[in-house]
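All remarks here apply to the structure that follows.
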Amino acid sequence: MSLTILQARKEMRHKMNGFRSRKNVLPILKKSAVLTCAIVFADVVGVTATSVSLWRNLAHYFTLLTLLEAALLFLIAGARDLAGSLAFIKVTNGTSRAKRTWTFDGHRQAQERAAPYVLAGIFLLVLSFILAYPLG
């Protein structure tokens, strides 16, 4: 009996150890890089088009825009991770008719869905800090 308890504890500790495998890291990095590139491209095009149409240099707003988008990505990632938390599932079970159960795997999947947004937010935050000095 004690052997099964030790095995259960070992399995639970293994399940609580972050991502399922190292193979999941590369797709997460790719998703976050694509998301970051798409956001930066849209920002550059938008700031350039606005600067040309208003006949003003608005490049210094680029850093503020990337900083705001980084904050927005962190909020989105937090919401996606919160959706898999135990407290959120208990609250939604109390307020809705659909009953969901919380599992370690479900929470881990929620963390994996939030990871690209966190990394993209970090990339945008670093980019905002790097560009803050040259763009004034």
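The numbers here are math on the coordinates, done by the rules we state, and not lab data. What you see is a predicted model; the values in this text were computed from it and never measured. When we count neighbours, we look across all protein chains shown, and the Cβ atoms used for this are built from the backbone with ideal geometry, even at glycine.
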Worksheet item: If we keep just the residues of the range 26-43 that are among the small types (G, A, S) and farther than 16 Å from R113 by Cβ, which is farthest from the chain's Cα centre (by Cα)?
Response: A42
Discussion item. Of everything in the range 32-41, what is touching a residue at least 12 places away in the same chain (Cβ under 8 Å) and either over 18 Å from A132 (Cα atoms) or touching a His at 6+ places or on another chain (Cβ under 6 Å) (or both)? Give them in sequence order.
Written reply: S32, A33, L35
Discussion item. Restricting to the range 42-84, and then to whatever is assigned to a helix (DSSP H, G or I) and of a type in the set (S, T, N, Q), can you tell me which residue is farthest from I130 (Cα to Cα)?
Written reply: S53
Worksheet entry | Residue that is in contact with a His (Cβ under 9 Å, 6 or more places away or on another chain) and either in contact (Cβ under 8 Å) with a residue 40 or more places away in the chain or acidic (D, E) (or both), where the choices are D81, D105 | D81
Discussion item. Can you find a residue that is buried (at least 18 other Cβ atoms within 10 Å of the Cβ) and basic (K, R) anywhere in the range 99-115?
Written reply: yes
